[in-house]
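The values are calculated or read from the model by the stated rules, or taken from the named source; none is laboratory data. Predicted, not measured: the structure shown is a model, and the values here were computed from it. Cβ coordinates were reconstructed from backbone atoms using ideal geometry, including for glycine residues, and neighbour counts include every protein chain displayed.
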Amino acid sequence: MAAKQALNILKLKKMKQGGEPIAMVTAYDYPSARLAEEAGVDMLLVGDSLGNVVLGYDSTIPVTLDDMVYHSRTVARGAERTFIVADMPFMTYHGSLDETLRGVRRLMQEGHVHAVKMEGGAEIADTVAAVVRAGVPVLGHIGLTPQSVNQLGGYRIQGKDAKDARRLLEDAKALQEAGAFGIVLELVTEEVAAEITKLLDIPTIGIGAGRGCSGQVLVFHDLVKYTDNYREKRFVKTFADVGTQIKDGITGYVKEVKGGLFPAEQHVFGAEEGAVDGLYGSRDKSEKADPAGEPQTADKTGRKAGVTK
């Protein structure tokens with residue numbers, strides 16, 4: 001089988017034009033990236049959602065640029081033939097352009113990703129344009145933007161009325177004009193997401209945005225239920241339940257260790273005869289035990305000490 005060729009932004013645009021759906025999933029480490037690539041995903045997203053599913057935070061806001069660089073680098077090692085996008089974390093692209101470009105440079109040079117993702121619409125269009133001019137592909141992200149969840153008042157569906165729909169379309173067009181190669185639409189009503197997709201030249205990637213987007217993205221841990229306390233989400237379909245399998249496996253291991261069943265004969269290695277002689281204060285070869293179990297030492301004549309003939 002020929003080696004898989006990584007997508008690029010031109011191929012992604014052609015996929016939209018040709019009506020070929022784009023499959024994207026998040027990845028945060030080497031094994032998840034390897035598995036996703038072998039499964040045939042088109043794109044990987046090193047999302048700042050790692051704050052929730054890997055680092056144990058209750059939002060994406062505490063995730064740092066160092067976190068993103070570290071996890072991006074491990075994903076890049078695991079998926080060498082897949083197009084990888086990394087999130088710019090909270091407040092790393094809202095200050096000076098120099099600061100923004102330093103963060104982008106770190107993700108590209110140290111994280112080895114192919115593109116970056118930024119949350120926001122028209123308000124960040126100038127920043128997106130500057131990063132694109134610097135030669136870096138940018139994936140936009142509008143709708144529910146987790147980094148702005150406090151301002152949005154929680155995880156609320158976007159595009160429910162005409163005014164909000166117009167705002168989303170204006171944001172999408174601003175990002176396209178700024179040079180974004182695609183846009184993630186998160187928790188957007190299906191009708192609005194489909195209309196935005198129809199009006200744009202660039203692809204849209206939906207998460208909770210219905211069936212009319214150019215592609216879909218899901219969080220790895222949601223897709224395979226990799227957690228011990230999974231909370232069902234309407235827009236997610238779980239395709240496996242590895243969390244339960246992992247927990248059951250570890251439970252079985254603990255039980256067998258406690259019960260003395262593991263390791264068993266087939267799990268141990270044997271030494272050659274005599275390999276343990278002299279280890280840890282073992283008896284010298286010249287010592288022999290009497291029937292009572294007490295060692296006795298032979299004298300120069302070969303007779304046991306204390307024994308007469």
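Quick one: is Val75 assigned to a helix (DSSP H, G or I), within 21 Å of Ala172 (Cα to Cα) and not small (Gly, Ala, Ser)? No. Taking the conditions (1) under 21 Å from the mean Cα position of the chain (by Cα); (2) buried (at least 21 other Cβ atoms within 10 Å of the Cβ); (3) of a type in the set (Val, Ile, Thr) in turn, Thr145 satisfies each one other than (2). Of the helices (runs of 4 or more DSSP H) entirely within the stretch 132-207, those holding at least 1 residues that are among the basic types (Lys, Arg) and at pLDDT 95 or above occupy 162-178, 190-199.
Quick check on the stretch 1-56: of everything there that is among the polar types (S, T, N, Q), touching a helix residue (DSSP H, G or I) at 6+ places or on another chain (Cβ under 9 Å) and not in a helix (DSSP H, G or I), which residue is surrounded by the most Cβ atoms within 10 Å (Cβ to Cβ)? Among those residues, the one meeting the criterion is Thr26.
Taking the stretch 102-127 as the range and being of a type in the set (A, V, I, L, M) and under 27 Å from Arg77 (Cα atoms) as the test, the residues that pass are Val104, Leu107, Met108, Val113, Ala115, Val116, Met118.
Of these, Val113, Val136, which one is of a type in the set (A, V, I, L, M, F, W, C), surrounded by fewer than 24 Cβ atoms within 10 Å (Cβ to Cβ) and under 14 Å from Val85 (Cα atoms)? Just a single option satisfies the conditions, and that option is Val136.
How many of the residues making up the stretch 93-110 are touching a residue at least 24 places away in the same chain (Cβ under 8 Å) and either surrounded by fewer than 23 Cβ atoms within 10 Å (Cβ to Cβ) or among the aliphatic types (A, V, I, L, M) (or both)?
Going through the stretch 93-110 one residue at a time, the tally reaches 10.
Could you say whether any residue in the stretch 266-282 is at pLDDT 90 or above, part of a loop (DSSP other than H, G, I, E, B) and surrounded by 11 or more Cβ atoms within 10 Å (Cβ to Cβ)? No, the stretch 266-282 has no match at all.
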